[in-house]
1. What distance in nm separates the simple spin-label points at D33 and K167, each placed 7 Å from Cα in the Cβ direction?
2. Amide H of T175 versus every other amide H placed in the peptide plane: which residues, excluding those fewer than 5 positions away on the same chain, fall under 5 Å?
3. Relative to the Cα centre, what is the charge dipole magnitude of segment 434-523, using +1 at the beta carbon of each Lys and Arg, -1 at the beta carbon of each Asp and Glu, and rounding to the nearest 20 debye?
4. With each pseudo-label sitting 7 Å past Cα toward Cβ, what's the S426-D311 distance in nm, one decimal?
5. Could you pull the Rg and Dmax for segment 191-257, using just the Cα atoms, both in Å?
6. Counting other beta carbons within 10 Å of each Cβ, put V157, V226, V265 in order, fewest first.
7. In whole Hz, what ³J(HN,Hα) sequence does segment 237-253 give by Karplus (6.51, -1.76, 1.60; θ = phi - 60°), x for Gly and Pro?
8. Tabulate in residue order the Karplus-calculated ³J(HN,Hα) for segment 89-105, using 6.51 cos²θ - 1.76 cosθ + 1.60 with θ = phi - 60°, rounded to whole Hz; enter x for Gly and Pro.
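None of the figures in this text is laboratory data; all of them are computed from the coordinates on show. Everything numeric here is computed off the predicted structure, so don't read it as measured data. Here the Cβ positions follow ideal geometry from the backbone for every residue, glycine too, while neighbour counts run over all protein chains shown.
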Amino acid sequence: MPGLYMLDYGAGNVRSLVNAVNRLGYELQFVKDPSDILKADKLIFPGVGAFGHAMEALNKKGYAQPLKEYIASGRPFMGICVGMQSLFEGSDESNLAGLGVIPGIVKEFNKDTKAVPHMGWNAAQVLKSTPEGADDATISGQAINYSINDDSEYYFVHSFAVPYTDKVKDWVLTTTQYGDEVFVSSVQRGNVFATQFHPEKSGYAGLRVLRSFLTGTGIVDDSKVVVKEPVVPANRLTKRIIACLDVRSNDNGDLVVTKGDQYDVREKIGDGNDVRNLGKPVDLARRYFEEGADEVTFLNITSFRNCPLGDLPMLEVLKRTSETVFVPLTIGGGIRDVVDPDGTIHPAFEVAGEYFRSGADKVSIGSDAVYAVEKYLANGCKKDGTSAIETIAKAYGAQAVVVSVDPRRVYVKDPSETIHRVVKNSQKGPNGEEYCWYQCTVKGGREGRDIDVHQLVTACEALGAGEILLNCMDRDGTNSGYELELINDVKAAVSIPVIASSGAGCVEHFDEVFEKTNVEAALAAGIFHRREVPIQNVKDHLRKCNVNCRAVDAEL
Ligand code: 1PR
């Protein structure tokens, strides 16, 4: 398609969208100059990050006016996420005006009633159809529903949304329920189509939506469209199942997926003491995507710091993974200010930027988050805007910043023995202690700090993190189930989503963590790598237990 253009203002992971378009057999060109916009026959605008940042970039680069002209000219337009929000008059997120193509203001979700950002797979209820009522019928060569299906789930990640009101009714293609709110999850009118969710991150269901735009005319005759009212559906946000790949180089220098027992990744059997090798990162990630993982996380557990930033091996892993894996990708390990061997300094947000451009959707910060919180607490809980959490969240949005916590139990006989927050633990200590506090560690668990998990997660939320990846060193690799006391304590302390991690050994552990805690996601590593428990079995079991989860969607 010669005239297919994408409008990128350099704010995050657009590589995944390019890869998705390529996967569907199309090539696209980037808008490099305002005049390119009016050269397009079809235009895709994937917004990333904050509304204000997007509008500022559009205005600064001189894109806003030609974009309005392009839309007014009647040529097909597809917006994604902030690319959809920018079509409205404005957003509570910023003082800058939107493009004003659609009436209405983007609002923040109510944080008092649910975790914000809204992050994960949710349903979209299609409100527009043809008179015959056939959802896939086409008018003028374009499926009215753009292949969005009531039975599928799509990947959302956002803190702001357009509430469903009569004012926007003519525009609404689908609505989605999140907790107590119904919001507009896609819009369509004439030549305009836009989704709040990310089709390029929504597995095969999302690729089908993108394909509908690419293969259709992108223009619908609205006079023939029937619009229905939304019925309040049950909350269909699914619990996410995440496959985690700890990656490091082994003693031969090969990059391998490994897995520790309580963070020790060396073999303990046989003569050798090799790093456990459980497979190749790109291949394993693809396998997990095909098997139905809702997200894939890579943790680079050695820092590879003897090479310049641009040569980091994990960049290549992400680039290759994002060619075949169309669910969100997180990368952790080494997200901090770094210095190249030649002395060049790269601030953390630049390191994160390299990863986003290589295909990552989120970065996960471990040790550096602990140091940042120590500084924040020492400053009397004042933010100074310099931490990796703050700088990355400012540039790429809170939803792109995960904090990975590596806590371990410190047992006490009596809560009065420590100033730290204690919980009563179901696993008694070596001397029969009933209480413990969870000590944060740095450097892959090798060094404990005088800070507890509760202090860490509340401060990280205040600094602007969008999600907590909650490990537990005592449970890691033990197959003994998740650390429920820890998870409940953290979940009660923050309003951002929490991922439970460490200890999954069987399908029942997933059902237990979702039943006994309110976490949004559960992560596992060892049981998936060793093929002890297929992801499909986890999901089948969860469904039997009435836990909402995304169906495995195996083909395009
Ligand atoms: O400190 O920002 O450079 O980040 C380092 C990152 O690497 C952190 O996220 C830290 O958790 C991770 N890491 C460092 N050393 C190890 C190690 O194992 N030696 N991996 C390590 C921790 C990750 C867990 C694991 C779950 C599930 N392992 O997320 O995947 O415990 O395992 P299971 O299901 O087999 O029980 P920085």
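1. 3.9 nm
2. Correct list: Q125, L127, S185.
3. About 320 debye.
4. Calculated label separation equals 4.9 nm.
5. Spelled out, the Cα radius of gyration and Dmax of segment 191-257 are 20.5, 67 Å.
6. Taking fewest neighbouring Cβ atoms as first place, the list is V226, V265, V157.
7. Computed from phi, the couplings for segment 237-253 are 5, 8, 7, 8, 10, 10, 9, 10, 10, 7, 10, 7, 8, 8, 5, 8, x Hz.
8. Listing the rounded values in order: 6, x, 9, 5, 6, 7, 7, 6, 6, x, 6, x, 6, 10, x, x, 10 Hz.
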